[in-house]
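In what follows, a structure is listed as C-alpha cells, so that the remarks can point back to it.
Every number here is computed from the coordinates shown, using simple stated rules; none is lab data. As the structure is a prediction and not an experimental result, all values here were calculated from the model. Virtual Cβ from ideal backbone geometry, glycine too; neighbours counted across all protein chains shown.
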Amino acid sequence: MTFLSLNHITHQYFSKQGFTKAIEDVSLSIEEGQFVSFLGPSGCGKTTLLSIIAGLLTPTEGTVTIQQQPRSQTNIGYMLQQDYLFPWKTIQENVLLGPHIQGNITEMKKEKAIQILEEIGLESVVKSYPSQLSGGMRQRAALARTLMTDPKLLLLDEPFSALDYQTKLKLENLVSQMLKQYRKTSLLVTHDIGEAIAMSDTVYVLKARPGRIAKTFQVPGHLRTLTPFETRQHADFNDLFQTIWKELDQLETESIN
Ligand SMILES: Nc1ncnc2c1ncn2[C@@H]1O[C@H](COP(=O)(O)OP(=O)(O)OP(=O)(O)O)[C@@H](O)[C@H]1O
C-alpha cells in the first residue's frame with residue numbers, strides 16, 4: 001500500500017535577491033515499510049524536500065499525502081546529524097521526552113522506554129547523562145527517543161555523518177534492524193552512496209538547479225535480505241555502487257558545464 005506520495009512538488013524560495021527554484025516537479029510514492037534514500041550533489045534540494053515532507057515548508061506547487069490524506073505533522077519522527085539530547089536529563093528521561101511533553105508518563109511508557117533501550121543496547125546507561133556517552137551511543141539514544149513516540153514515518157537527515165567509520169557501519173546495522181522490526185517507513189538523506197545502497201529499497205538520485213529526480217535505482221531483493229554490513233561485502237553492491245557513482249559524476253560534470 002502506498003504510504004507517502006509527493007505529487008508534482010515544486011518549490012521556490014523568495015528573497016530580496018530574487019527567487020531560487022530549489023526543486024521542480026518531483027513526484028514519487030513510497031510503500032508502507034519501505035526505506036528510501038535521496039542522494040545528490042550539494043544544493044539539489046534534499047533538505048527542502050525533507051522540510052516539505054515534514055510540513056515545515058509549504059511547497060509552491062504540488063501536494064504531499066500520507067496514507068491518501070493531506071500530510072499532518074503528527075507521527076513523523078526525525079533522526080538528524082546532531083542528537084539534540086538534553087544534557088541535564090538522563091538517557092531514560094531523554095527517551096521519555098515525548099510522553100513528558102504530552103504530560104503522559106505512565107508505568108507502561110517507562111517500561112517501554114527501558115525495553116527500547118535494551119533492544120538498542122543501552123540498558124547499562126539508562127541513568128547516565130548524554131555527556132557520559134560516546135557519539136554512537138548518543139545517536140542510539142536519539143533513535144530510542146524517536147521510536148518511543150511511535151512515528152509512522154521517519155526522516156533521517158545524514159544521521160551518521162558525524163560518526164567515525166566503524167561506529168557508522170555498526171549503527172547502520174542497528175538502525176536498519178530496528179526500523180524493520182518496528183516496520184517503519186523511512187526516508188534517508190545522505191551523501192554516502194554506500195550507505196544509501198546498504199540501507200535502502202530504493203535510491204533516488206537528484207540533480208541540482210533546480211532539484212529534480214535524475215534516476216531511480218531499485219536495490220535488488222536478495223541484497224535487502226542482508227544486513228547493511230553484509231550488503232557492503234556483496235559483489236552486486238559494487239556493481240550498483242559503480243553505476244550510481246557514474247551517474248553522480250555525470251550530473252556533476254553537467255552542472256559545471
Ligand atoms: N531559505 C532559503 N532562501 C533562498 N534559497 C534557499 C534557501 N534554502 C535553500 N535555498 C536554495 O535552494 C537550493 C536547494 O537547497 P537545499 O538546502 O534544499 O539543498 P541540499 O541538497 O539539501 O544541499 P546540501 O547537500 O548542501 O545540504 C539551493 O540552491 C539553495 O541555495
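A few comments on the model shown:
- The Cα atoms of the stretch 151-233 give a gyration tensor whose axes a ≥ b ≥ c have a/c under 1.5, which makes the shape rounded.
- Cα centre as origin, Lys/Arg/Asp/Glu Cβ charges: the chain dipole, Debye: 560
- When the chain is treated as a GNM with alpha-carbon contacts under 10 Å, the residue of LEU187, LEU57, LEU117 showing the greatest mean-square fluctuation is LEU57.
- Backbone N within the stretch 198-212 under 16 Å of label point (7 Å from LYS21 Cα along the Cβ vector): 207-212
- Value of relative contact order over the chain, rounded to a whole percent, pairs C-alpha under 8 Å and six or more apart: 25
- Cα radius of gyration and Dmax for the chain (Å): 18.8, 61
- Calculated mean residue ellipticity at 222 nm for the chain: -11500 deg cm²/dmol, from DSSP H runs with n ≥ 4 weighted as -39500 (n - 2.57), summed, divided by the residue count and rounded to 500.
- Exceedance of the 27 Å cut-off in Cα-Cα distance is limited, within the set LYS110/LYS152; LYS21/LYS180; LYS109/LYS168; LYS21/LYS170, to LYS21/LYS180; LYS109/LYS168; LYS21/LYS170.
- Bridge type composition, the chain - antiparallel percent by DSSP, nearest 5: 55
- On the beta carbon distance between ARG212 and LYS180, with R0 = 41 Å, the FRET formula returns roughly 0.85.
- Cα gyration tensor category, rounded, prolate or oblate, for the stretch 24-84 with a/c compared to 1.5: rounded
- Computed over the stretch 76-150, the alpha-carbon pair-distance distribution with 5 angstrom bins reads 3, 18, 32, 28, 15, 3, 0, each value a whole percent.
- In degrees, nearest ten, helix 107-119 long axis to first principal axis of the chain (Cα): 60
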